[in-house]
């Protein structure tokens, strides 16, 4: 596999994802994945996100260097995302809205924040949410 396009297609198919599903997970249009896989471009500003979703290293995806096997970090990332999705869907509407506001606020390092939040005991998280809700009410 000598090109970014062929490596992307290989990794996507190995992950069992359609072009549309990969695009949805990254937050781009399916045509963008089609464009990359057709070889029309040799790079993408979404390369990091693509590598994370597909569970491969950026170095392998872009340059063909290293192993095409899923990286440990990527596997952890996938598991974390699945767990986060489960928790998000199980949360009440107020909590879902709070999370959505946080993410839409442009926080550049959400994964670090998520890791920090996961380390906080549940009882403390609930207290923090109540405190934030009170502060928000006071602010309005």
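The values are calculated or read from the model by the stated rules, or taken from the named source; none is laboratory data. Everything numeric here is computed off the predicted structure, so don't read it as measured data. With ideal geometry, Cβ positions are generated from the backbone for all residues, glycine too; neighbour counts draw on all protein chains shown.
Only one of the listed residues (135, 117) is modelled with pLDDT of 65 or more, loosely packed, with under 11 Cβ neighbours inside 10 Å, outside the structural domain of residue 18 (by TED's automatic domain parsing) and farther than 26 Å from residue 21 by Cβ. That residue is 135.
Evaluating residue 41 against the criteria (1) surrounded by 15 or more Cβ atoms within 10 Å (Cβ to Cβ); (2) modelled with pLDDT of 75 or more; (3) closer than 17 Å to residue 5 by Cβ leaves one unmet condition, (1).
Restricting region 50-89 to residues that are part of a helix (DSSP H, G or I) and closer than 12 Å to residue 8 by Cβ, the residue that is modelled with the lowest pLDDT is 58.
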